[in-house]
Amino acid sequence: MKKFFTLPHEDKARYTKGVMSNVGWNDIARENLNPEKRKAGDFKETYNYQPIMEKEVRITELQNYNTDN
């Protein structure tokens, strides 16, 4: 993953996160996690991803999940 951030901007831009998606690359200042205190976007690049699950996990399964096992 570290190598991804060393790529030229044009290459990373091909993986830009969509508006309705939480997967992909965010350029510097595209996100703002604290807009009440900071008008400009955050000075960081991010790449959001999610693991591929073998099966669909339902909410009821998560509610019954015991972390002590």
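Just so it is clear, none of the values below were taken in a lab; they were calculated from the coordinates. What you see is a predicted model, and the numbers here were worked out from it, not measured in a lab. Using ideal geometry, Cβ is built from the backbone for each residue, glycine included, and neighbour counts are taken over all protein chains shown.
Points to keep in mind about this one:
- When the range 1-19 is limited to residues that are of a type in the set (Lys, Arg) and surrounded by 13 or more Cβ atoms within 10 Å (Cβ to Cβ), the one that is farthest from Ile52 (Cα to Cα) turns out to be Lys12.
- Test: residue in the range 20-38 that is surrounded by 11 or more Cβ atoms within 10 Å (Cβ to Cβ) and hydroxyl-bearing (Ser, Thr, Tyr): no
- Every residue from the range 1-30 that is without any contact (Cβ under 8 Å) to a residue 24 or more places away in the chain and not in a loop (DSSP other than H, G, I, E, B): Thr6, His9, Glu10, Asp11, Ala13, Thr16, Trp25, Asn26
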